Amino acid sequence: MRKKNAFGKVITATSAACAVGLLLAGCGAANTDTAGGKPHITIMVNTGSTQISPGKQGWAKELAKEAGVDITWQNTGDSAWTNQRNAILASGDLADITIRGFSPSDAQRNAGAFEDLSKDLDKLPNVQAFFKAKPLARKLVEKDGTIYTLPSSRGKAYQASGQHMLINKAWLDKLGLEVPKTWDELTKVLEAFKTQDPNGNGEADEYPIDLRPLDTSNLGNWWSPFLFLNSTGIVTQFNNGPSSSGIYVENGKVKNWAISDEFRQVIEYLHQLTADGLAPSTWVTKQIDTYWNEIKGDGEKVGKVGVLFTWDQSNIANWGTSLNEEYIGIPVPAAPGVSQSEVVWDASREYNEYEDYKLSMSANTKYKDACLKVINLLYSEKYSVQQLRGTISEGYLKQDGHTYTVEQKFYDAANEGKTPALEDRLAGWIPDDVTIVNDTAADSMQKIDRVYDDQYANYDMTKDAMPIYVRLDSADTNTFANNNAAIYDYAIPVISSWIVKGGLDDASWNAYVKQLKSLNIDQNTEMWQKAYDEQVK
Ligand code: MG
């Protein structure tokens, strides 16, 4: 009898009980010596949907050989892992090593099941070197001297925000217009896009600016129209962290942008764009799929959207198409009364380079030294680069000293849905002296992100943004979540109505601020101020 196990692999009936038991109650097969007498360990990896099993990736076989260890690689995907994670934590029975499975707070709450790797650093010289070169990486995972999870770094090439503002430069050129530097100039450009048929198809089918619908589970998220806050001098961090709940930092003082005068200014501008027909009238509440369809135009040659917030041009049309090439990244224009030297841009770049939940080790492994040997190799340059972009001996990556070139063979495999690497899911560290040539994801991200260098220079990453290592303790995390649930329930419909219908005046604004204060929005700020003051050193 054959059936699928929890990881979607076909297995025989006789091994099914063992495979499930391995997760939930322990399975003898994982921790018995093999015939060759080598330690035998199990590594669970949460892989991406197009990645082949790590056990079939060449670097993984070479690493096992070099460590003198037999490794059983298991892999699971994001949604399966979401379903399994709590049961595994409750059972306390972890795989010997888990890659991209457990967050620092998962481990803190179940500390008995996790190895405190701070005590093993003498056997992890590559991790020590990582922490020495990147003190921020250690801060991400260390709490009261314990380290239950190891972070990753994809290297400096990935230091870039995931948030960018794009404009159709071909339309600007055709209409003889410049890149707008202020909201007033932007409005004029959008009016021209609306009325002058810049895509040249004889139809008034353009969306001068298109905006992502508002979320109901946060105030600001990836590619939120509230990125316009940066036009006013408020620094967002919409990749991750408390910025999505309104938290921001200005000269060491934590505040909430949802009750700021600057946010009111952004709402008023978004209302003006919507009321004037420069943004689709339905944008606030439409389905996200509708948005994705609108911005794609015909996907090849004829564009529909003039301005948008997104990752890069590939969200509109594939690289190599003429439509893709019509768009450029631009600095965010200044709000009225704000000088160019006060305009800032989203401070998410460290979220893109680092992740704090990349590797954990079971406290109960039978083969502790073997596990540490494997972990140390994973964090070497040699295996980090191969985790990221495929195996050198298989021809996916070419090495020349500390310079590596990603070969077309890697992209061909990825395009077939058979990516031979862990990519961003790596448990490793790409040191700053490593150069990876033809890493298209990093190359396009860097190119578009450099547009913001002047705006990045207008603030300090520590004094004017929440450092990514600052966290609330577990009691405050719960309070923050509960406060936010009530705040979102009240605020999002009010904000939506102001944008769509208008009616934002002093009286309604004051009532809104008063209501948010009664829903403890100031307590949120105080908790983050306390965490910031304690953790920023
Ligand atoms: Mg047209």
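The values are calculated or read from the model by the stated rules, or taken from the named source; none is laboratory data. The structure presented is a predicted model; accordingly, all values stated were derived computationally and were not measured. Positions of Cβ are generated from backbone atoms using ideal geometry, with glycine treated the same way; all protein chains shown enter the neighbour counts. Only protein heavy atoms, including side chains, enter the accessible area calculation; ligands, DNA and RNA are left aside. Shrake-Rupley method; radii C 1.70, N 1.55, O 1.52, S 1.80 Å.
Per the Cauchy relation, a quarter of the hull surface: what is the mean projected area of the convex hull of the alpha carbons in region 35-154, in nm²?
Hull-based average projected area comes out at 8.7 nm².
I need two numbers for region 85-154: Rg to one decimal and Dmax as a whole number, Cα atoms only, in Å.
12.3, 36
As a test, work out the antiparallel percent of DSSP beta bridges whose residues both lie in the chain, rounded to the nearest 5.
Restricted to the chain, the bridges split so that about 60 percent are antiparallel.
Below 8 Å, C-alpha to C-alpha, sequence gap of six or more: please give me the relative contact order for region 240-363 in percent.
It rounds to 12 percent for region 240-363.
Provide the per residue accessible area, probe 1.4 Å, for the chain, rounded to a whole number of square angstrom.
41 Å²
Consider all pairwise Cα distances in region 431-537 and report the whole-number % of them above 23 Å.
Pairs farther apart than 23 Å: 58 percent.
If the cut-off is a Cα-Cα distance under 19 Å, which lysines reach LYS501, setting aside same-chain residues fewer than 8 apart in sequence?
Within the straight-line cut-off, LYS501 pairs with LYS286.
For region 308-345 and region 223-299, what is the centre-to-centre distance using only Cα atoms, to the nearest Å?
Their Cα centres are 14 Å away from one another.
With the convex hull built on the Cα atoms of the chain, state its orientation-averaged projected area in nm².
Mean orientational projected area (the chain, Cα hull): 26.3 nm².
At a threshold of 8 angstrom on Cα-Cα distance, excluding pairs fewer than six apart, so keeping six or more, what relative contact order does region 396-537 reach in percent?
Once divided by the residue count of region 396-537, the mean separation gives 21 percent.
Percent of alpha carbon pairs in region 202-318 separated by more than 23 Å?
33 percent
Which of the lysines could a cross-linker span from LYS409 if the Cα-Cα distance has to be under 23 Å and same-chain partners fewer than 8 positions apart are dropped?
Output for LYS409: LYS56, LYS61, LYS382, LYS398, LYS418.
Taking Cα centroids, how far is region 472-537 from region 123-138 in Å?
Here the answer is 37 Å between Cα centres.
At 27 Å minimum axial length over the Cα atoms and a Kyte-Doolittle cut of -0.5, report the qualifying DSSP H helices in the chain, or say none.
Within the chain the helices that satisfy the rule are 474-501.
Roughly how many percent of the accessible protein surface of the chain is carbon and sulfur, given a 1.4 Å probe and a whole-percent answer?
C and S fraction of accessible area: 49 percent.
How high is the FRET efficiency between ASN478 and LYS409 when r is their beta carbon distance and R₀ equals 60 Å, given to the nearest 0.05?
With R0 = 60 Å, the Cβ-Cβ based efficiency is 0.80.
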